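Here the structure is laid out as structure tokens; the discussion comes afterwards.
Readers should treat all values here as calculations from the given coordinates under stated rules, not as data from a laboratory. Only a predicted model underlies this, so the values are computations on that prediction, with no experimental measurement involved. FYI the Cβ positions are ideal-geometry reconstructions off the backbone, even for glycines, and counts take in every protein chain you see.
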Amino acid sequence: MDVVVIGAGQAGLSAAYFLKRADLDHVVLDADAGPGGAWRHRWPTLRMATVHGVHDLPGMPFAEPDPAAPANEVLPAYFAEFERRNGLDVRRPVRVHAVRDQDGLLRVETDHGVWEANAVVNATGTWNRPFWPRYPGQELFRGRQLHSSQYRGPEEFTGQHVVVVGGGTSAVQQLLEIDRHAAGTTWVTRREPEFFDEPFTPELGRAVVAKVDDRVRRGLPPRSVVSVTGLNLTPAVRDALRTGVLARRPMFERITEDGVVWPDGAHQRADAIVWATGFRAALDHLAPLHLREPGGGVRVEGTRVVADPRVHLVGYGPSASTVGATRAGRAAAREIKALPSLRRVAA
């Protein structure tokens with residue numbers, strides 16, 4: 001192959017679209033059983049009305065959906081139609097175990113055989129690497145602990161007191177759902193939440209991308225986009241702030257058998273703790289290439305990995321958004337087309 005694309009979310013599909021237009025021989029390997037990327041795993045009660053803007057896949061406008069429709073059905077259907085309409089070669093389910101350098105080629109080892117390529121576009125996102133922080137006493141808690149990626153809906157918390165940990169969009173969305181069924185909720189974050197109440201203009205978007213891009217250029221782990229923008233002050237969020245549902249408390253000091261305790265000794269009884277603490281980039285399969293910098297991240301210029309220009313990361317850092325993923329797919333295809341190794345093959 002000229003190129004192996006790993007992952008068939010928005011970034012991977014966008015890259016495949018532009019690779020095909022560039023007439024580069026490629027295949028897309030996806031670990032999921034069907035189309036949709038991370039969207040197919042979102043909780044069933046997430047509706048399109050509460051999903052932040054979804055950017056079009058290239059050449060295929062995203063039709064205005066029914067606001068009440070489940071996001072985990074609408075977006076996988078959109079992705080599936082995009083694959084079909086563009087005739088993309090997506091192999092699934094194929095799990096990539098490792099990518100290694102072998103005599104100038106990249107050897108992609110999977111549970112369904114081996115592919116060799118001149119370049120790899122990695123579009124594995126973060127969904128498969130939920131981050132669980134550690135706190136004293138965590139193993140003592142007798143209630144239920146789950147990561148936000150395991151959340152399936154609010155009804156299972158009926159009559160319970162639930163502590164939701166995290167300052168991102170998922171934390172707020174799940175907390176607002178849970179609060180309508182639970183006996184009580186407590187919202188806990190490490191930092192004071194920031195809210196924005198201004199249109200997400202192209203200028204603001206560029207400023208956000210620049211801040212995230214600066215970190216990956218320095219080889220640091222990327223921050224989430226919401227950590228830069230703050231939380232969107234929607235009507236539902238405004239109401240929750242007014243009624244006290246989103247009365248944030250700082251991080252507790254430790255966990256007990258039946259709740260959490262703050263440094264001043266204050267105790268909150270809890271039946272469940274939802275860790276809405278984000279994700280890390282799913283890059284373990286790239287470890288044999290030794291791409292990580294001393295700062296813990298992968299240094300990237302645009303989409304190109306500085307340590308190995310044959311490897312491009314899309315949906316990573318500044319392109320970890322629907323609009324950024326599409327742009328990154330185009331940029332990766334353009335740079336790969338110019339690789340000297342590909343020119344030699346063509347000759």
(request) Would you list the P(r) distribution for the stretch 10-79, with all Cα-Cα distances sorted into 10 Å bins from 0 and each bin expressed as a whole %? (result) 18, 48, 26, 8, 0
(request) Convert each backbone phi in the stretch 169-177 into a coupling constant with the Karplus relation 6.51 cos²θ - 1.76 cosθ + 1.60 (shift: θ = phi - 60°), then list the ³J(HN,Hα) values in order as whole Hz, x for Gly and Pro. (result) 5, 4, 4, 5, 4, 5, 4, 5, 5
(message) Given 10 °C and 1.306 mPa s, compute D for the stretch 126-181 with the Stokes-Einstein relation, Rh being the Kirkwood radius over Cα pairs; round to the nearest whole µm²/s.
(response) 127
(message) On the principal axes of its Cα set, how long, how wide and how thick is the chain? Give whole Å, largest value first.
(response) 71, 43, 39
(request) Between beta-carbons, use under 11 Å as the cut-off and find the net charge around ALA281, counting Lys and Arg +1, Asp and Glu -1. (result) +2
(request) Obtain the nm distance between the two label points defined at ASP258 and LYS20 by a simple spin-label model: each point lies 7 Å from its Cα along the Cα-to-C-beta direction. (result) 6.0
(message) Restricting to bridges with both residues inside the stretch 1-100, how much of the DSSP beta-bridge set is antiparallel, in percent to the nearest 5?
(response) 25
(message) On the principal axes of its Cα set, how long, how wide and how thick is the stretch 264-347? Give whole Å, largest value first.
(response) 71, 29, 19
(request) Would you mind telling me the antiparallel percentage of the DSSP bridges in the chain, rounded to 5? (result) 45
(request) Bin all alpha-carbon pair distances of the stretch 1-146 at 10 Å intervals from 0 and give each bin's fraction as a whole percent. (result) 10, 35, 29, 18, 8, 1
(request) Please state the charge dipole magnitude for the stretch 60-109, taken about the Cα centre, from unit charges on C-beta atoms (+1 on K and R, -1 on D and E), reported in debye and rounded to the nearest 20. (result) 240
(request) Find which of PRO76, LEU24, VAL108 sits farthest along the positive direction of the dipole of the stretch 14-112, computed with +1 on the beta-carbon of Lys and Arg, -1 on that of Asp and Glu, about the Cα centre. (result) PRO76
(request) Would you please give the residues with an amide H less than 5 Å from that of THR277, counting only those at least 5 places away or on a separate chain, with H modeled from the backbone geometry? (result) SER148
(message) Please list, ordered by chain and number, the residues whose modelled amide H lies under 5 Å from the amide H of ARG144; skip anything fewer than 5 residues away on the same chain.
(response) ALA272, ILE273
